[in-house]
Structure formats: C-alpha cells, structure tokens
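The values are calculated or read from the model by the stated rules, or taken from the named source; none is laboratory data. These figures come from a predicted structure and were not determined experimentally. FYI the Cβ positions are ideal-geometry reconstructions off the backbone, even for glycines, and counts take in every protein chain you see.
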Amino acid sequence: MAVAAPGQLNLDESPSWGSRSVDCFEKLEQIGEGTYGQVYMAKEIKTGEIVALKKIRMDNEREGFPITAIREIKILKKLHHENVIQLKEIVTSPGPEKDEQGKPDGNKYKGSIYMVFEYMDHDLTGLADRPGMRFAVPQIKCYMKQLLTGLHYCHVNQVLHRDIKGSNLLIDNEGNLKLADFGLARSFSSDHNGNLTNRVITLWYRPPELLLGTTKYGPAVDMWSVGCIFAELLHGKPILPGKNEPEQLTKIFELCGTPDEINWPGVSKLPWYNNFKPSRPMKRRVREVFKHFDRHALDLLERMLTLDPNQRISAKDALDAEYFWNDPLPCDPKSLPKYESSHEFQTKKKRQQQRQQEETAKRQKLQHPQPHARLPPIQQPGQVHSQIRPGPSQPIHNAPPPQMAAGPGHHYGKPRGPSGGPSRYPQGGGNPSGGYNPNRGGQGGGYTSGPYPPPGRGPPPYAGSGMPGTGGPRGGSAGGYGVGAPNYPQGGPYGANNQGRGPNMMGGGRNQQQYGGWQ
Amino acid sequence: MAANFWASSHCKQLLDPDDVGVLQPLDKERGLTQEEFKLIKIHMTNHIWKLAQQVKVRQRVIATAVTYFRRVYTRKSMTEYDPRLVAPTCLYLASKAEESTVQARLLVFYIKKLTGPDEKYRFEIKDILEMEMKLLEALDYYLIVFHPYRALLQLLQDAGMTDLTHYAWGLVNDTYKMDLILIYPPYMIALACIYIASVLKDKETTAWFEELRVDMNVVKNIAIEILDFYDYYKGDTCKGEPARGIPEERINAALNKLATK
C-alpha cells in the first residue's frame, strides 16, 4: 500500500484496488475441506451478509499462486450468470500471517487468500442424500434446466467446466442451482488447438473419449457428466460407479454398447483405444436398463449418453428437448421446498462421530473379504445380495470400500436416522430415513459384479408390491422399486431397517466434504 | 479467452488516455519525470521480451505480461514496486494465466543470465513469489487480456492484404512499448497498424475502411501515436526496434532515482 508522506492525506490510494482483509469477515464454521484449503461459512461484519470463504492455501506451493486458483479466478471473473456461482471478491489474510503452529510468517506469499462466494445452502448430492429426500419430476426438471442453462452459458463463453458432478452443483433455499468449483475448468477456443489433459472429471462422470485418452475435446465432455447426473437423479444413485479407469470404461460399454467406427467415427484412432478394445461387441442397453424412465427423459438421456462426442447433444439443444416442454413442466425454483441448512456445528460434529464409527465398521469389515463394500444396487433383485445382507441391523454394507482413491470425494455424509429432514414428498412407507443414499456411500463395489441385470432378467421397474416396510430386512420383496414416486426408485431394498443402518451408513468415499462445490 | 471482448473486464477497464501516463505521487517525490517514467516502461517491456525469448513462451504470454506491467503502474508507484522485479514477475504470472507455465527457478536462472552481474536485477524465487501476490492484488485479480493479434489476422484476411501480415504484426508488437493496450480496444489497435502498413506499402484501403464503419478518427489517432513514437525514439520501423535509440545511461539514471534496492 502506498503510504502518504507525513502531513499528507492518503487520497491517491484508490480503495478499489487491492484486496480487503479477511478480517472483514467473521468465520462462523467450517463447511468444507478441499484440496487447496478449507471452506468456511462466514458473515461479513459490516453488512451481516452470509458468504462462503474458500481458502487458497499458499504454503507448500513452490510455484507461488496455484495455477488452478488462477484458472478458477480468471474464469469466475468473466462469468456472470444466475446459474454460475458468483465470486464476490478476493480477500487476503493480513500478513505476517501465523501458521497453524502459531509461528509468525513474514512472507506474504505464504499467507492465505480467500475467494468470497455467495453462500449456498446445499449441493445436489448432499440434498439428494438427505434422509427421506425424494425429488419430484418437476423438481428434477427444474434442476436439470438450470444446470443446462448455466452450462450453456459457460460453453458459449468458451469455458469447459470439466468437473460436473452433484457435489459441484450448489443449491440455495430459493431453489436456485449454480455451477461451482471451477478449479478444473479451462477456457477453450477454436483457434487454440493445444492439447488438454484427459485426467479431468471425476471418474464416474468422465466421458468415454477422455477415458480413451483424447486430448482434443470440447463441451461434449461436460454433457456426458450431465447425462450421468440426469440418470442419477431419476434412478436414485450413480449409474456408472467405476472403481478405476478400465472398469469405468467397461461399465460405460456395458450400458452404452461398445464403440466402433460406425457409431463413433474415429474412435479407433484414439490413443488408448487398442488397450481398452472390448473383446466382444456389446449392445447399447440404455433404454433397457432405464426403461422405467418416462419416454422423453429416456430420449434426452440417450442423446446425452451418446458415445461419440460429436453426436452428443449440446446444452443448447438439450434445453429444447421435449422433456422440458411436456407435462409435468419444470417447476419454478421458488416453489421448491426450503430445506433446513445442513451446516450446523452440531450436525458436523455428529458427522465426525459417525465417521469414526464408520471407521470402526470399516476395520471390522475388512476382516471379511468383501470387495464390494458399497451397497448393492437395488436393481439387481435376488442376485448375490441376498446372501450378503444378513439382517436389518447389520451395518456391514455401509462401510466404505477399501479402495477410495478413484471415486469422487465430496460432501460430508448427512446425519441419518429416523429424524429425517423435512420432505414433502411421499416416502417409501416405513422407511422414513430411506432413500437415495444407501447406495451412495462408498464407491467401490456392489455394482461391480455386473452393473446391470443380465439380459432376459431385467428387474421389474416397479415392484408392484412395493416394499414399504412390510417387515423383513428387505421389505419382504425380493427387489424392485417399491417406492411411491415413479421416477425415483429408492429406499426399496432396505425396507424398515432404518435403525439398523445407524450411524455408519454413510460411506467413506464421499464423506469428505459436503461442500464439495466450494473447493 | 472470453468470447466477447465487450463483456470483458479488459473492456471495462480501458482507461482514458489522460489517466495512463500519470506519475504516482511517490515517484514524483523521488524526482522521476514523465519522460523517465515512459523510458523505464519501454526498457522493461524490452526486458520482458528478451526474458521471454530465453524461457520460450508464446507471443501471447509476452503481450499479456507487458499489459500487466503497464496496468500495475497506473495504480502503483515504481518506488514501491521495483520495475526490475515487477517485469519478470509479470512474465511469471502471465505464463500461468496463459497456460504456458514457466517455473520460477527457471525464470530466476535466465534473469541472471540476461542481466549479468548487475545486482539490481538479481532476485530470488522468494522475491518473485512475493511480488506475484502483490501484483495479483494490484491487478485486482483481473487476468484476462485481449490482444490485437487475432483481430489483425482476421482483418487482414478480410481485406485481402495478407501480404502485409509480417509487417503489421511487427507494428502490433511495438504498440506494447506504449500504453495503447490500456486505452483502446485491441481491434482498433490492429486497424491502426493495418492503416500504417497499408499507407507505407501504398495499398489502397479507403473503401475497405469505410465499409468497416469504425471511427476512423480513433484509428488515425492511434496511428499517429505509433508514428510519433517511432519518430521520437528514432527506431527502425521496419525492424521494430524503437528502443534502440534510448541510451543506457538515461535508463539507469531514471532507475537510480527509485533506488528501491
């Protein structure tokens, strides 16, 4: 800062340049933990406004200000849209900053920088994981529309998000959805044909072209992720939870069929095509696997989960899809229910306790060789799972899988139990805490042995009987989607065993930060 | 980069010509003159250029670095922000912002190689990283910069004068020795360079310019500024080395007034 000479006013220093100090904010609580620092909920002292502070750690940075933060700031500074998280300002901690041990640190570059964002109450994954939460079709349409609108805006402005996933889609209590976490985002331009890294996008949402090693790609990569999220919202759990890259590709091929020069011209020229070339051709089975979706949803999903990125639907065209213009129409965001914020200090503490218990469960579990720690998929009724699910109060399936590295790590698990959050949606009877999440815990297993039912024995989309709490650990029904809302099959297999799921039910892989989007 | 210049921070931050060359009070106190201020900026632009050639980065990175450098001094004094440190740090930051990262230690190595035994140019990695933070603040974290190069190629194509590319490109390079990039939209700078090139090479462009419906007064004003610059610093317009005419002693005298190190 320029300091005026004695006797002079310091008028020349324009206050609009340079950053304010983080002391302008009062940190209320930590709401997330990211790769480059913590995320806090904070209050601006002067105005009382609640914001999110995302800390950019500067220590351990041999190359100064992290380029990921530079990318994010550069991009956020140019994007201004109601469906894109707004970077309000950047503040610094006043140097010399003290480090965690309280040692003073004279170097400002080792201090901290905070990005100040508008505060958002939830992220999509967190919201969906709430006990008893089930999205109605108009609500899903409403979120999807906002997601596509925001993404279309990014793409028009030549920004690839490159990490679209539920935990990066933040939702406020006005029902607004905003894209967040542009830490992996990049500008692209048609005249700059530079190679881009294919090591982006959380594995479950990563498109086949990246898995096959392409380094020249465009907005279509984000649209694949949108397709995965779309299906996940309708289906009730992640649809392609691969443990590693080869397995991810296998899962994609099993669902979308194997690529060849006919359905995807040029695929055989991709760098890793020969490494991953499937031994036998497989049929595309999207319509079969998701036949319980309504027709327009399925049409749109088909076009999003198109193997060939050149044929994949764009955000703009997706917004024009029949799905959004047929009854039930997307609802007005403001009409959506308000959910209680998930960041109370107690909640977090609870989560920590739960995590500890979960750790214990994990250790116990590791003594039993069960590679597929993730809860089994509900659409595989009567398959292996009946053997490995002994009883209602066995937390065993909820322990995280041994392999945690590959999957997305995000939001804190939510506290679960009978006290489920407010929901205006019909619930799978007798399973108040049921729902979405049982399968979201870990990311490894469950699915692995065969993500989709073998041909010829597809599960009934809706088990007519409905499982709701008809006793028995599995609701007395061998499977299917025994829940009310047609498009949101969940809760089913676990019948009325909610107390048995106890605290360990959130899985390991995704419990890192509830506020994934803030990282 | 942003698709739309008009919606960009670069556009919104364009300055009035009168606001650009203004000396910061602190520099004035040190007795720095307007002329010396200009000279230091030219000299440091060249320094960035030479450094960039050593570390091998794209043209864009250089242009962005110089823009940062010039933007910083519309807000900060040279007394506080030593240009000898700010210049390489701008290159360092621009290399990140433009996705062709240069390692700090490499930069430090080439600074030493380039400036030899001159202690005043010698900096450690730590200095660069510390200055980087200060620059980010001084720039208010606005890092996207538009340049005339892309517009230049498109316009020349449109005018059917691609044979002027080399010449006009050199002119655009030289505009970074002035503060034009802080004042005018990049495509106007490109047009001014095309205008000069076409006049000097006897190309008839009146009709083409008329069709563009741009304010020719602005284009001509920019062109005049560029020509004045060449005139004043007696550079060789064809080789694009206008700074050749600036004697080392004058630069040193100016920098010594700052005596920051």
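Looking for something part of a loop (DSSP other than H, G, I, E, B), more than 14 Å from chain B (Cβ to nearest Cβ) and within 30 Å of A:ALA128 (Cα to Cα) - is there at least one such residue anywhere in segment A:185-193?
no
Looking at the structure I just gave you, is B:ARG58 charged (D, E, K, R), within 14 Å of chain A (Cβ to nearest Cβ), in contact with a Ser or Thr (Cβ under 7 Å, 6 or more places away or on another chain) and farther than 16 Å from B:ASP140 by Cα?
yes
Looking at the structure I just gave you, is B:TYR149 over 30 Å from B:ASP231 (Cα atoms) and at pLDDT 90 or above?
Considered against the rule, which asks whether it is over 30 Å from B:ASP231 (Cα atoms) and at pLDDT 90 or above, B:TYR149 comes out as no.
When you scan segment B:101-120, do you find a residue that is within 11 Å of chain A (Cβ to nearest Cβ) and within 15 Å of the chain's Cα centre (by Cα), even just one?
There is no residue in segment B:101-120 that is within 11 Å of chain A (Cβ to nearest Cβ) and within 15 Å of the chain's Cα centre (by Cα).
Give me the residue from segment B:1-20 that is in contact with a Ser or Thr (Cβ under 9 Å, 6 or more places away or on another chain) and surrounded by 14 or more Cβ atoms within 10 Å (Cβ to Cβ) and, out of that set, farthest from the other protein chains (Cβ to nearest Cβ).
The extreme case among them is B:VAL20.
Where residues in segment B:127-145 are more than 8 Å from chain A (Cβ to nearest Cβ) and surrounded by 21 or more Cβ atoms within 10 Å (Cβ to Cβ), which of them is nearest to B:LEU182 (Cα to Cα)?
B:VAL145
Might you let me know whether segment A:219-239 holds any residue that is surrounded by fewer than 20 Cβ atoms within 10 Å (Cβ to Cβ), in the same structural domain as A:LEU184 (by TED's automatic domain parsing) and either closer than 22 Å to A:ASN168 by Cβ or not β-branched (Val, Ile, Thr) (or both)?
no
Collect the residues in segment A:108-129 that are modelled with pLDDT of 90 or more and hydroxyl-bearing (Ser, Thr, Tyr), keeping them in residue-number order.
Once the filter is applied, which keeps residues that are modelled with pLDDT of 90 or more and hydroxyl-bearing (Ser, Thr, Tyr), segment A:108-129 yields A:TYR114, A:TYR119.
Has segment A:286-307 got at least one residue that is within 25 Å of A:HIS155 (Cα to Cα), of a type in the set (Asp, Glu), part of a helix (DSSP H, G or I) and at pLDDT 95 or above?
Yes, there is a match, as at least one residue in segment A:286-307 is within 25 Å of A:HIS155 (Cα to Cα), of a type in the set (Asp, Glu), part of a helix (DSSP H, G or I) and at pLDDT 95 or above.
Can you find a residue in segment A:161-182 that is assigned to a loop (DSSP other than H, G, I, E, B) and within 14 Å of chain B (Cβ to nearest Cβ)?
Checked against the condition, which is being assigned to a loop (DSSP other than H, G, I, E, B) and within 14 Å of chain B (Cβ to nearest Cβ), segment A:161-182 yields at least one hit.
Suppose we keep only residues that are acidic (Asp, Glu) and buried (at least 19 other Cβ atoms within 10 Å of the Cβ) within segment B:152-197. Which one would you say is nearest to B:ALA7 (Cα to Cα)?
B:ASP179
Which residues, taken from segment A:227-261, are of a type in the set (Ser, Thr, Tyr) and not in a loop (DSSP other than H, G, I, E, B)?
Hit for segment A:227-261 is A:THR250, nothing else.
Name the residue, out of A:GLY64, A:GLY95, A:GLY132, that is within 14 Å of another protein chain (Cβ to nearest Cβ), at pLDDT below 95, farther than 30 Å from A:LEU210 by Cβ and not in a helix (DSSP H, G or I).
Result: A:GLY95 is the single residue among A:GLY64, A:GLY95, A:GLY132 that is within 14 Å of another protein chain (Cβ to nearest Cβ), at pLDDT below 95, farther than 30 Å from A:LEU210 by Cβ and not in a helix (DSSP H, G or I).
May I ask you to list pairs of residues, at least six apart or on different chains, whose Cβ atoms are under 8 Å apart, with the first in segment A:44-57 being hydroxyl-bearing (Ser, Thr, Tyr) and the second being crowded, with 17+ Cβ neighbours inside 10 Å?
none
Being within 19 Å of B:VAL172 (Cβ to Cβ) and within 17 Å of the chain's Cα centre (by Cα): is that true of B:THR74 here?
no
Restricting the search to segment A:139-160, which residues are assigned to a helix (DSSP H, G or I) and either within 14 Å of chain B (Cβ to nearest Cβ) or of a type in the set (Asp, Glu) (or both)?
A:HIS152, A:TYR153, A:CYS154, A:HIS155, A:VAL156
Looking for whichever is part of a helix (DSSP H, G or I) and of a type in the set (Phe, Trp, Tyr) here; the options are A:TRP224, A:TRP264. Which one fits?
Being part of a helix (DSSP H, G or I) and of a type in the set (Phe, Trp, Tyr) holds for just one of A:TRP224, A:TRP264, which is A:TRP224.
Kindly list the number of the only condition in (1) farther than 23 Å from A:VAL91 by Cβ; (2) not in a loop (DSSP other than H, G, I, E, B) that fails for B:TYR68.
Checking B:TYR68 against (1) farther than 23 Å from A:VAL91 by Cβ; (2) not in a loop (DSSP other than H, G, I, E, B), the one that fails is (1).
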